[in-house]
Amino acid sequence: MPFDAAHTDALTRLAGPRAVIEGDDRTPHLTEWRGRWQGETPLILAPGTTEELAAVIGYCAENGIAVVPQGGNTGLVGGQVPHGELLISTRRMRRIRAVSPEDFTLTAEAGVTLAEARGAAEEAGRLLPLSIGSEGTCNIGGVLSTNAGGVNVIRYGNARDLVLGLEAVLPDGRIWHGLNSLRKNNTGYDLKHLFVGAEGTLGIVTAAVLKLFPRPAPAGAG
């Protein structure tokens, strides 16, 4: 089905007028950061909440509209660049919902940058060990969707190993509420691992509960 003005109007109502990215603000979303790929899209939306995103995805599913999700646009393979599809950015989903130093957990939305999440953990006296070169720009949703590794991967594991729970919007617009913070959880299938590394093909990650660790002591301390 062709993407027309009726779709634009309907999607704008569902996501809210603040979600529409227009004019020169579109350019960074349509250009791979090294300039290797240039994309095109009839509409760029940045929903501000999981519910708004779910409403948009539900409408797209009902009307056969293809979608490309995008986080910080730091990918190296061009998968985040649209070629005629609707582009959905998670950049406005930027809340750190909770930090629990006692439980060693942090709950962040998909649009929070990795550097912001690491900073919030540090303020709480804890360590979020995932660290990569693009951490000032890359988003939590993209980091998990690509199962990023980083410089501490040998000690702490890939992004997959740092996830306790996930919230995601499924391709039909339903919300999967999996923000579990239990370290020991043996109930049923561990569905969160399907989304980590799937690059948005099975659903769009909207929030995650991440494991924190004690901050390493300086060399020679103790």
| How many residues are touching a residue at least 24 places away in the same chain (Cβ under 8 Å), more than 13 Å from L210 (Cβ to Cβ) and touching a strand residue (DSSP E or B) at 6+ places or on another chain (Cβ under 7 Å) when one looks only at region 110-138? | 4
| query | Could you say whether any residue in region 77-99 is assigned to a strand (DSSP E or B), more than 21 Å from A168 (Cα to Cα) and not assigned by TED's automatic domain parsing to the domain that holds G157? | reply | yes
| Which numbered condition L162 fails, given (1) under 21 Å from V56 (Cα atoms); (2) in contact with a Phe, Trp or Tyr (Cβ under 9 Å, 6 or more places away or on another chain); (3) crowded, with 22+ Cβ neighbours inside 10 Å | (1)
| note | Restricted to region 100-118 and to residues being in contact with a Leu (Cβ under 6 Å, 6 or more places away or on another chain) and not in a strand (DSSP E or B), the residue farthest from R26 (Cα to Cα) is F104
| note | If we keep only residues of region 188-222 that are without any contact (Cβ under 8 Å) to a residue 12 or more places away in the chain and under 18 Å from A159 (Cα atoms), then the residue farthest from the chain's Cα centre (by Cα) is D190
| request: Name every residue in region 139-187 that is among the aliphatic types (A, V, I, L, M), without any contact (Cβ under 8 Å) to a residue 60 or more places away in the chain and part of a loop (DSSP other than H, G, I, E, B), in order of residue number. | output: A148, V151, L182
| field | Condition met for E51 (within 16 Å of the chain's Cα centre (by Cα), under 25 Å from V209 (Cα atoms), touching a residue at least 24 places away in the same chain (Cβ under 8 Å) and not in a loop (DSSP other than H, G, I, E, B)) | value | yes
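Every residue in region 45-75 that is among the polar types (S, T, N, Q) and either within 23 Å of S134 (Cβ to Cβ) or buried (at least 22 other Cβ atoms within 10 Å of the Cβ) (or both), please.
Q70, N73, T74
The values are calculated or read from the model by the stated rules, or taken from the named source; none is laboratory data. The structure displayed is predicted, hence computed values, not measured ones. In this analysis, Cβ positions are derived from the backbone assuming ideal geometry, glycine residues included, and neighbour counts consider all displayed protein chains.
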